[in-house]
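Okay, structure first, notes after.
The values are calculated or read from the model by the stated rules, or taken from the named source; none is laboratory data. None of these values were measured; they are calculated from a predicted model. For neighbour counting, all protein chains shown are included, and Cβ atoms are generated from backbone atoms with ideal geometry for every residue, glycine included.
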Amino acid sequence: MGGLPGKDKRSGLLLKIFIYATLILLLSSAVLGFMLWNTAFRPNVTTGHEKSADLYIPSGSGFNEVMDILEEKGLIKNRSTLEWLAVRKNYPNNINPGRYRLEDGMNNNELVNMLRSGNQLPVNLVFINHRRIENIASVVARQIEADSADIVNLAGDNEFLESLGFDKDGIPALFIPNTYEFFWNTSAEQFYRRMKIEYERFWNGDRDSKRNSHGLTRLQVSTLASIVGEETVKREEMPVIAGVYLNRLNRGMRLQADPTIKYAIGDFTVNRILKVHLETDSPYNTYKYAGLPPGPIVIPSVQSIDAVLNASEHNYLYFCAREDFSGYHRFARTLSEHNRNARLYQDALNQRRVFK
């Protein structure tokens, strides 16, 4: 019997169609796969002539704002491919503010994963013993997201300060000059809370033990340290001067510290304390009022704090700047000896025509 040629032809045609369809499907899959790979893994981050660049995403930023920042800073070559992948990886619902380090040549997948996970680069925040909270605020606000005005305002918020265990006069003692690691998107309140943690860490068992031996609170140590630090830049003299003031406090004598007068009159540029200055009515006038002032006159350095805690034991009750303007001091046990030293210094000021 003969075969069915029509049926064989139809089977062959169907086979060809199947093969062609399979090839087209495979080719389409390959093209789609390449496009997906190209979208996800082709380098898309550019940092110009540098190996890396920092991206700052402010708090409250939305998806479009992040994309705008990347585009406006020239950090990406193709925005559309990044947006496509970011949406599919649900980044619009996982935006984390902060500072991110972008490496030149990163692909979209690496970039989205970093931003979505919040894997930001910490900031090494540095501040020293500045004179005022405003100075601290200005320095800090240049290094983290917190606004300087918010930092200053919190320093005058009684309820907030009470939650930290401080008041307006004592708050400068909270700040221990050092280098601290922060996330860039730290708020003003978070900054204070972190400083409180560092404050407690600083006042470890050893420092607390030493201050107890002097019968001083932490605030009193910081307050005295702020005066000592203003009296001399010579580190080796700090414990000696601290010892003078502790001797005066223990004897019930007024401190008569010139730096507190400068603070009271609001002028640290004064070179010579005059009688009119001593008449200033302020709790910081240690010529008029006995004991320590209400709080630090500057943010004290770690060196000056440790100088108070490790104050020298001696019988000195007075000291006066040397007449050679070397920055060192002459120390005295008696008032008559001190007056002689003071005249030497005053004569030197007169010779230099320094009258105020």
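Test of understanding: among 107, 124, 94, 135, which residue is in contact with a Pro (Cβ under 6 Å, 6 or more places away or on another chain) and either under 20 Å from residue 46 (Cβ atoms) or among the polar types (S, T, N, Q) (or both)? Spell out how you get there, then give the answer.
Working: 124 fails: in contact with a Pro (Cβ under 6 Å, 6 or more places away or on another chain); 94 fails: in contact with a Pro (Cβ under 6 Å, 6 or more places away or on another chain); 135 fails: in contact with a Pro (Cβ under 6 Å, 6 or more places away or on another chain).
One residue alone meets the criteria, 107.
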Is at least one residue of region 239-249 in contact (Cβ under 8 Å) with a residue 40 or more places away in the chain, assigned to a loop (DSSP other than H, G, I, E, B) and either of a type in the set (Asp, Glu) or in contact with a helix residue (DSSP H, G or I) (Cβ under 6 Å, 6 or more places away or on another chain) (or both)? no
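Residues 303, 346: which one is closer than 18 Å to residue 242 by Cα, outside the structural domain of residue 166 (by TED's automatic domain parsing) and either among the polar types (S, T, N, Q) or crowded, with 16+ Cβ neighbours inside 10 Å (or both)? Quick ask: steps written out before the conclusion?
Values: 346 fails: closer than 18 Å to residue 242 by Cα.
Only one candidate qualifies: 303.
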Could you check residue 277 against (1) in contact with a Pro (Cβ under 8 Å, 6 or more places away or on another chain); (2) free of Cβ contacts under 8 Å to residues at least 24 places away in the same chain and say which number it fails? (1)
Subset of region 83-107 that is in a strand (DSSP E or B) and touching a Ser or Thr at 6+ places or on another chain (Cβ under 8 Å) - its residue that is nearest to residue 119 (Cα to Cα): 101
Qualifying residues in region 114-133 (those that are surrounded by 14 or more Cβ atoms within 10 Å (Cβ to Cβ) and of a type outside the set (A, V, I, L, M)) - the one farthest from the chain's Cα centre (by Cα): 116
Condition first: in a helix (DSSP H, G or I) and surrounded by fewer than 15 Cβ atoms within 10 Å (Cβ to Cβ). Now tell me which residues in region 250-277 satisfy that. 250, 275, 276
Just need a number here: residues in region 282-293 that are more than 35 Å from the chain's Cα centre (by Cα) and over 17 Å from residue 247 (Cα atoms). 1
